[in-house]
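Here is the structure we will look at.
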Amino acid sequence: MTIHPIEEGRVMPRPGRFPSPNPLLPGAPALYFQTDLAPGRLGHAAELMQNEQVGVVITLTQQSYQSGLGSILADCRRAGADLDGILLDANCYSGKGRRVDTRLNPHWVTAQRRAGLRAQLTDSPYLPAGDRDALTAILGQASRLGDGTVCVLALPLDWVTRDVEFLAEVINREGVPVALALEHAKDPLGVAKAVTGLAHLLDTSRVKIGMLRSDLSVIGAVAFGASWGAVGATSALRHIYPIKEGGGGRPATISALVPSCMAYRSLEMIAAGIAASPDNEIPWRCSCRFCTGLTIEPIASSAAAYRHSLAAIALLGERVLMGPSVLARKHTWLQTCNHAQTVNLDISATTGMNWEPPAFQGAWWKLYNKLPPLIPAPV
C-alpha cells in the first residue's frame, strides 16, 4: 500500500510569505486559519504559521474568555506560536448562550493590547437583523477603543443581502476596522445575493474589512478587497450556525479538501470517486507541500486530512492572490470557481456519484459578467 508523505511526516517546505495585498497591519498576512483550543490545536497553529506564513485566529470558549488571557497566551508561547500573527476571537456571538446586546468590554481590548497582540478583536455580541441601533452602538464603542481595535460584527445574512447600504454607511462613518462573521445554516457565501452584497460592501468601504469563520470564499473576499480572511480549520468554524440548527446527530466522518473541486469530501467518498475513474488521476492530484503532486487517495487519518486540507487552501490562496492587480485577482478567483464547478460536474458524470459543486462556486461566478475585461478589447 502506498504511504502518503503526510502520514510519514515528510514535508517539502514552501518558501516565501503568503501574499497580503491589503494587510490589516504592516506584515500581516491576507489569510488566517481559525481554530479552537482543542488538544493539539495550538501546536498545529504554530506549525501553520511557520510553514504556511499564515495568521491564526484562536476561537475561545465561554470559560476561556472569562478566565482571561494569561493561560491562553502562555500555551501559545509554549507551542511556539508567534503572537504577532494571532487574533483572539472571544466568540460571544455564537451558540445557545450567545449574547444579544449592545455592550463591548473595553478591558478585553486593553488586556489583549497589553499582552502584546498587535490587533485586538472586540468581544462583540450577535447583532439581529435590522437592529440598526445595536449596529451603530457597537461600532461607535469600538471606534473609541484605540488603534489596533478590530470590531467584530456577527451578523445574520440579511445585513449583506438587504441592509448592506446602511451597514456600509455606518462602517465608513465610524472608521474602525471590522471583522465580519456571517450566520447561515450551510454556507452564507453560497447565497448569490450575499456574495453580491459583500462585493458591494468591499467596493464601497473606506476601512479595512476582514472575514471570520469562513469557508474558501475568504480567498474571494480578499481578491475583491477584504483586508484578510479566516478559513475555519473545522466545519464548526466556517460560519455561525443558527441556534435552531444546532442539533448535531450526524456521525463524525473524516473529510479532506479535493483541491481541483475546491470542496471537502469524506475519505470514503474520495476513495470511491478514484476507484470509479481509474484512468484519470488529474482531479485527485494535489501540489500542496505535503502531497507534492501525488494523489490524495492514500490520506487515511484525520490528522493527515486536516494538515493536507489547510496546506492546499493556503496554496490556492497564494495562486489567486499573487495576481498583479485587483482586477486580475478578481478574474482569477471567479475563473477558479468556474473551473472547480466544471470538475465537480465532470466527476459526477464520470462516476455516477452525487458530486454536487459547493454553492459558493456558482454564487461567485454570477459576478463574472459584471467585471471589466482583464485585457481591454481592441478598438
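The values are calculated or read from the model by the stated rules, or taken from the named source; none is laboratory data. In this text, all values refer to a predicted model and were calculated from it rather than measured experimentally. Please note: Cβ atoms are built from the backbone with ideal geometry, for glycine as well, and neighbour counts cover all protein chains shown.
Which residues, counting only those in region 151-195, are in contact with a Gly (Cβ under 6 Å, 6 or more places away or on another chain) and surrounded by 24 or more Cβ atoms within 10 Å (Cβ to Cβ)?
Passing the criteria: V160, A179.
Which is among the small types (G, A, S), under 30 Å from L315 (Cβ atoms), assigned to a loop (DSSP other than H, G, I, E, B) and not assigned by TED's automatic domain parsing to the domain that holds H308, of A129, A38, A46?
Working: A129 fails: under 30 Å from L315 (Cβ atoms); A46 fails: assigned to a loop (DSSP other than H, G, I, E, B).
Within the list A129, A38, A46, the selection yields A38.
If a residue counts only when it is among the basic types (K, R), which helices (runs of 4 or more DSSP H) contained entirely in region 296-379 have at least 1 such residues? Step through it out loud before you land on a result.
Working: elements: 302-321, 326-351, 359-365.
Counting at least 1 such residues, we get 302-321, 326-351.
Which residue out of L316, L294 is within 28 Å of A272 (Cβ to Cβ), within 17 Å of the chain's Cα centre (by Cα) and among the aliphatic types (A, V, I, L, M)?
Working: L294 fails: within 17 Å of the chain's Cα centre (by Cα).
Exactly one residue qualifies, and that residue is L316.
Please go through region 101-126 and give me each residue that is within 23 Å of Q34 (Cα to Cα) and part of a loop (DSSP other than H, G, I, E, B), ordered by number.
Within region 101-126, L104, N105, A115, G116, L117, R118, A119, T122, D123, S124, P125 qualify.
Consider only pairs whose beta carbons are under 7 Å apart and that are at least six residues apart or on different chains; among these, list those whose first residue lies in region 77-95 and is among the charged types (D, E, K, R) and whose second residue is assigned to a helix (DSSP H, G or I).
Going by the 7 Å Cβ cut-off, the qualifying pairs are D82/M49.
Pick out, from region 170-282, the strands (runs of 3 or more DSSP E) lying fully within it that include 2 or more residues that are under 18 Å from A312 (Cβ atoms) and not hydroxyl-bearing (S, T, Y). Write out each step before concluding.
Details: elements: 178-183, 209-214, 228-232, 255-258, 263-266.
Where strands (runs of 3 or more DSSP E) fall fully within region 170-282 and carry at least 2 residues being under 18 Å from A312 (Cβ atoms) and not hydroxyl-bearing (S, T, Y), they are 228-232, 255-258, 263-266.
Out of (1) farther than 27 Å from N369 by Cα; (2) part of a helix (DSSP H, G or I); (3) of a type in the set (V, I, T); (4) touching a residue at least 60 places away in the same chain (Cβ under 8 Å), what's the single condition that is false for V152?
(2)
Restricting attention to region 98-116, does a residue exist that is more than 18 Å from G55 (Cβ to Cβ), among the small types (G, A, S) and under 20 Å from the mean Cα position of the chain (by Cα)?
No, there is no match, as no residue in region 98-116 is more than 18 Å from G55 (Cβ to Cβ), among the small types (G, A, S) and under 20 Å from the mean Cα position of the chain (by Cα).
Could you grab the pairs with beta carbons closer than 7 Å, sequence gap of 6+ or different chains, first residue in region 287-300 and under 12 Å from A312 (Cα atoms), second one of a type in the set (K, R) and not in a loop (DSSP other than H, G, I, E, B)?
The qualifying pairs are F290/R307; G293/R285.
Could you check how many residues of region 67-83 are surrounded by fewer than 16 Cβ atoms within 10 Å (Cβ to Cβ) and within 26 Å of L139 (Cβ to Cβ)?
The total comes to 1.
Give the residue, chosen from L42, L31, that is over 19 Å from I209 (Cα atoms) and either surrounded by fewer than 19 Cβ atoms within 10 Å (Cβ to Cβ) or of a type outside the set (D, E) (or both).
Values: L31 fails: over 19 Å from I209 (Cα atoms).
On inspection, the qualifying residue turns out to be L42.
Does at least one position in region 95-118 carry a residue that is buried (at least 18 other Cβ atoms within 10 Å of the Cβ) and on the phi > 0 side of the Ramachandran plot?
No, region 95-118 has no match at all.
Residues checked against (1) β-branched (V, I, T); (2) in contact with a helix residue (DSSP H, G or I) (Cβ under 7 Å, 6 or more places away or on another chain); (3) modelled with pLDDT under 95:
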{"position": "A30", "(1), (2), (3)": "no, yes, yes"}
{"position": "L48", "(1), (2), (3)": "no, yes, yes"}
{"position": "V54", "(1), (2), (3)": "yes, yes, yes"}
{"position": "Q63", "(1), (2), (3)": "no, no, yes"}
{"position": "C76", "(1), (2), (3)": "no, yes, yes"}
{"position": "A81", "(1), (2), (3)": "no, yes, yes"}
{"position": "D84", "(1), (2), (3)": "no, no, yes"}
{"position": "L87", "(1), (2), (3)": "no, no, no"}
{"position": "A90", "(1), (2), (3)": "no, yes, no"}
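Just give me the residues in region 63-86 being more than 22 Å from the chain's Cα centre (by Cα), part of a helix (DSSP H, G or I), more than 12 Å from R41 (Cα to Cα) and of a type outside the set (A, V, I, L, M, F, W, C), in sequence order.
Answer for region 63-86, where residues must be more than 22 Å from the chain's Cα centre (by Cα), part of a helix (DSSP H, G or I), more than 12 Å from R41 (Cα to Cα) and of a type outside the set (A, V, I, L, M, F, W, C): Q63, S64, Q66, S67, G70, S71, R77, R78.
Cβ contacts < 6 Å: first residue over 24 Å from I270 (Cα atoms), restricted to region 326-352; second residue of a type in the set (K, R) and loosely packed, with under 15 Cβ neighbours inside 10 Å, any location; separation 6+ or different chain. Result?
none
Could you tell me which residue of region 249-301 is modelled with the lowest pLDDT, considering only residues that are among the basic types (K, R) and surrounded by 13 or more Cβ atoms within 10 Å (Cβ to Cβ)?
Keep residues of region 249-301 that are among the basic types (K, R), which gives 250, 265, 285, 289.
Next, only the ones that are surrounded by 13 or more Cβ atoms within 10 Å (Cβ to Cβ) stay: 265, 285, 289.
On the way: R265: 96, R285: 97, R289: 90.
Once the filter is applied, the top-ranked residue is R289.
Among the residues that make up region 206-229, is at least one of them assigned by TED's automatic domain parsing to the domain that holds I299, among the charged types (D, E, K, R) and at pLDDT 95 or above? It would help to see each step written out before you state the result.
Going residue by residue through region 206-229, those that are assigned by TED's automatic domain parsing to the domain that holds I299 are none.
Looking for residues that are assigned by TED's automatic domain parsing to the domain that holds I299, among the charged types (D, E, K, R) and at pLDDT 95 or above, one finds none in region 206-229, hence no.
Considering only region 158-172, I want to know if a residue exists there that is in contact with a Phe, Trp or Tyr (Cβ under 9 Å, 6 or more places away or on another chain), under 21 Å from H331 (Cβ atoms), at pLDDT 95 or above and assigned by TED's automatic domain parsing to the domain that holds I138.
At the first step, the residues of region 158-172 found to be in contact with a Phe, Trp or Tyr (Cβ under 9 Å, 6 or more places away or on another chain) are 159, 166-167.
If we keep only those that are under 21 Å from H331 (Cβ atoms) too, we end up with none.
Scanning region 158-172, I find no residue that is in contact with a Phe, Trp or Tyr (Cβ under 9 Å, 6 or more places away or on another chain), under 21 Å from H331 (Cβ atoms), at pLDDT 95 or above and assigned by TED's automatic domain parsing to the domain that holds I138, so the answer is no.
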